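The values are calculated or read from the model by the stated rules, or taken from the named source; none is laboratory data. Worth saying up front: this structure is predicted, and the values here are computed from it rather than measured. Ideal geometry is used to build each Cβ from the backbone, glycine not excepted, and the neighbour counts take in all protein chains shown. Please note that ligands, DNA and RNA were not included when accessible areas were found on the heavy atoms of the full protein model with its side chains. Shrake-Rupley method; radii C 1.70, N 1.55, O 1.52, S 1.80 Å.
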Amino acid sequence: MEAGERRCCYSAVAPSTPGRSVRRRQRRRSHNEETANNKLSDPITPGGTSSPEPRPLASLGSLLDDQHWHHVAVERQSAHLNLTVDKHSERVQIPAAFSHWNMEQLSVGAALSLDSQKPLVSKRNFQGCLENLLYNSMNLIERAKHNDQQVTLMGNVTFSCAEPVSIAVTFPGPQSFLQLPGPMASSSGGVSVGFQFRTWNKAGLLLTFDLPDEGGVAWLHLSEARLWLQIQKAGRAPLELSAGSALNDGQWHSVDFTSDRGRLSVSVDEGEGGVAHASPSFPVSVRHQLFFGGCPADQDNQECTNPFDIFQGCMRLLSVDKQPVDLILVQQRLLGNYSNLQIDMCGIID
């Protein structure tokens with residue numbers, strides 16, 4: 001049984017039982033457990049405190065937004081809590097102030113308001129899917145489906161998991177690259193490319209392509225964990241733009257590169273991470289091919305040069321001229337070309 005949630009929550013009355021346990025499987029990103037930086041933390045808030053921020057007791061796991069199912073369990077044994085994420089466990093001491101702690105209400109997917117003890121609806125609430133949500137062997141999803149009075153549903157809750165799954169690709173080493181055909185010629189002679197990436201490295205080539213006609217080349221790359229666009233064209237002054245910062249935090253970051261009718265822009269995280277603009281005196285478009293992550297090892301290939309560090313990390317949600325790139329077609333060798341890629345997974349680790 002599965003429950004898909006979007007800014008929603010379960011609230012359940014928790015019967016007093018000496019040995020308490022909460023188990024579930026979750027996909028993507030939920031006593032109040034929460035995810036931050038793709039890790040699961042188990043925060044705790046002392047009753048009666050005026051502080052809105054809970055104090056974390058433990059943090060476990062990584063890359064929990066990989067769109068795979070993850071097993072989570074919280075078990076109280078006397079003065080300790082056992083937190084398990086997949087096959088990893090941590091045992092933590094319950095603070096002395098909670099030595100007589102008795103769970104009266106359990107909230108899943110949202111934090112409890114200290115004043116009203118009702119779930120709070122916010123952007124930080126769980127968004128994703130849950131299944132096998134058990135409290136002391138009590139199946140909360142089954143009870144919610146049968147309108148059990150001990151379980152309350154709030155917000156938009158559906159008993160299915162229909163979230164779209166995006167295909168990721170991993171660039172593990174120096175021989176990795178993805179080659180895609182450039183956009184079809186348009187009346188404006190422009191180009192639009194978008195993608196998301198994640199990496200722990202401060203530097204690396206993300207995208208490069210040759211300019212048409214009189215020659216020239218464009219590079220979109222990371223340097224000092226910032227996004228840089230550099231364009232060189234014969235007889236013209238080099239063009240440089242920069243946006244974003246701390247982009248090597250292992251989180252997904254979106255990049256949008258657009259050139260149209262004499263105006264060029266680069267944005268990070270839909271503008272929240274920064275936007276840079278320029279009005280070059282020459283058109284910026286793609287001659288033939290787009291190269292992501294690196295260049296072919298073939299020295300005779302004149303369409304791709306990389307004067308920067310290699311990219312090691314993951315990409316997903318690639319689009320060219322606002323049309324999504326089907327990476328499964330790439331994997332089947334029906335679109336573009338690639339070398340040393342791991343397709344349909346993000347394989348970076350902490």
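The table below gives the values:
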{"read-out": "Count of residues meeting criterion [buried (at least 18 other Cβ atoms within 10 Å of the Cβ), at pLDDT 90 or above and out of contact with any Asp or Glu (no Cβ under 9 Å at 6 or more places or on another chain)] in region 210-238", "value": "4"}
{"read-out": "Number of the exception - P183 against (1) modelled with pLDDT under 80; (2) on the phi < 0 side of the Ramachandran plot; (3) open to solvent by less than 10 Å² (accessible area, probe 1.4 Å)", "value": "(3)"}
{"read-out": "Considering residues of region 308-324 that are open to solvent by 80 Å² or more (accessible area, probe 1.4 Å) and not in a strand (DSSP E or B) only, the residue nearest to Q342 (Cα to Cα)", "value": "D309"}
{"read-out": "So V169, is it in contact with a helix residue (DSSP H, G or I) (Cβ under 7 Å, 6 or more places away or on another chain), surrounded by 19 or more Cβ atoms within 10 Å (Cβ to Cβ) and among the β-branched types (V, I, T)", "value": "yes"}
{"read-out": "Number of the condition not met by H277 [criteria: (1) assigned to a strand (DSSP E or B); (2) within 19 Å of the chain's Cα centre (by Cα)]", "value": "(2)"}
{"read-out": "Residues being within 24 Å of R236 (Cα to Cα) and crowded, with 17+ Cβ neighbours inside 10 Å - total across region 281-302", "value": "7"}
{"read-out": "Hey, D249 part of a strand (DSSP E or B), within 24 Å of G313 (Cα to Cα) and open to solvent by 20 Å² or more (accessible area, probe 1.4 Å) or not", "value": "no"}
{"read-out": "Within region 85-105, considering residues that are modelled with pLDDT of 75 or more and open to solvent by less than 20 Å² (accessible area, probe 1.4 Å), the one farthest from the chain's Cα centre (by Cα)", "value": "I94"}
{"read-out": "Matching entry among T305, T258 (being assigned to a loop (DSSP other than H, G, I, E, B), among the β-branched types (V, I, T) and surrounded by fewer than 18 Cβ atoms within 10 Å (Cβ to Cβ))", "value": "T305"}
{"read-out": "Filter result (part of a strand (DSSP E or B) and on the phi < 0 side of the Ramachandran plot) within region 127-148", "value": "Q127, C129, L130, E131, L133, L134, Y135, M138, N139"}
